[in-house]
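Asks: Quick one: this structure, given as structure tokens, is what I'll be asking you about.
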Amino acid sequence: MYLNIGGNRMIRKDRILGIFDLDTASQSHLTREFLSAAEKAGRVVNAAEDIPNSFLLCEEQDGIRIYLSQSTSRTLWKRNGL
């Protein structure tokens, strides 16, 4: 099964490790450092057409990847069936 995260991007549900609200999660300096390091390493994929509201932490074959989504974390959880 796949989850549509916006921007014509689909992610396999079994690869999703977590769905996070970007505003809430980025209040922590540790999360900001993690996201910054992932971006520098080329591990961030922006699927948002506008300002992102959430991010998904996913396990891919080549390692961890972060997807930015314009959808809220609540909407993604509902689409995910949780």
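The values are calculated or read from the model by the stated rules, or taken from the named source; none is laboratory data. What you are looking at is a predicted structure, and each value in this text was computed from that prediction instead of being measured. Cβ: placed from backbone, ideal geometry, glycine included. Neighbour counts: every protein chain shown.
Asks: Mind telling me which of the residues 65, 74 ends up being at pLDDT below 95 and basic (Lys, Arg)?
Replies: Of the residues listed, the single one that is at pLDDT below 95 and basic (Lys, Arg) is 74.
Asks: What pairs come out if I take residues in region 55-82 that are within 12 Å of residue 15 (Cα to Cα) and pair them with residues that are among the hydroxyl-bearing types (Ser, Thr, Tyr) and assigned to a strand (DSSP E or B) whose C-beta lies under 8 Å away, six or more apart or interchain?
Replies: The qualifying pairs are 56/67; 56/69; 58/67.
Asks: Going through region 9-28 one residue at a time, which ones are without any contact (Cβ under 8 Å) to a residue 24 or more places away in the chain and either of a type in the set (Gly, Ala, Ser) or outside any strand (DSSP E or B) (or both)?
Replies: 14, 24, 26, 27, 28
Asks: May I ask you to verify whether residue 60 is of a type in the set (Asp, Glu) and at pLDDT below 95?
Replies: Against the criterion (of a type in the set (Asp, Glu) and at pLDDT below 95), residue 60 qualifies.
Asks: Restricting to region 29-50, name every residue that is exposed (fewer than 15 other Cβ atoms within 10 Å of the Cβ), outside any helix (DSSP H, G or I) and modelled with pLDDT of 95 or more.
Replies: Within region 29-50, 41, 42 meet the criteria.
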